[in-house]
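Remarks on the structure that follows.
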Amino acid sequence: MQTRNLIASFTLGITLAAIPVLQSHAQEQTPNLYNFTGYNSKGDKVTINYSTSSFTGKPLFNYQEQKQTLNFAGDQIRTVDTEIGTLVTVTIKKTVDTGNTTFTLLLSRVNLGNNNEVKVETKGITTINRFSVIPQFNQGQKQIYTTIHLKGTAQAVAF
């Protein structure tokens, strides 16, 4: 009897630590880790990694473009569920007097089914939010958008 308990504990420990996660056939399995690559309008490679959780329990977002790598965690990552999917937004450039630049990842709903990983395609939206400390300069279009086509994977992993 003790041998069975030891084997069960060992097997359970391996299962909990294993990546990727397996779930039963009857349940819908949603991803918690996304990895994407695309090219911006300048031809620079853009890499996005987003996890809805982590070992610390906080979401993580990594944005890499050319020589710039930005890492975000917790409250620095803003999510909004909409009819077209989940919008995941981070601020990639801040200025005191001219506005900021955000990057938004559009995540469609994904059911991994019996798989631990599926290929997905989506869009990333870079938004330049124009602002001036001089009121008369705050006229006209205040947001400028550029989109990027992203290809990658959605997967379920254990943290």
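Table for the structure above
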item	result
Gyration tensor (alpha-carbon) shape descriptor, segment 22-91, a/c threshold 1.5	prolate
Two-decimal ratio, segment 19-159, of alpha-carbon radius of gyration to 2.2 N^0.38 Å	1.17
Local electrostatic count at T91 - Lys and Arg +1, Asp and Glu -1, tallied over other residues with Cβ under 13 Å	+2
Computed label-point distance, nm, for sites I144 and S132 using a 7 Å Cα→Cβ extension	1.4
Computed FRET value (nearest 0.05) for V96 with E117, which takes r as the C-beta separation and R₀ as 41 Å	0.45
Total formal charge among the other residues, if their Cβ is under 12 angstrom from that of F72, Lys/Arg +1 and Asp/Glu -1	+1
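Each reported figure results from applying straightforward, stated rules to the coordinates on display, with no laboratory input. Quantities reported herein were computed from a predicted structural model and do not represent experimental measurements. Methodologically, a virtual Cβ is constructed for each residue, glycine included, from the backbone with ideal geometry; neighbour enumeration extends over all protein chains shown.
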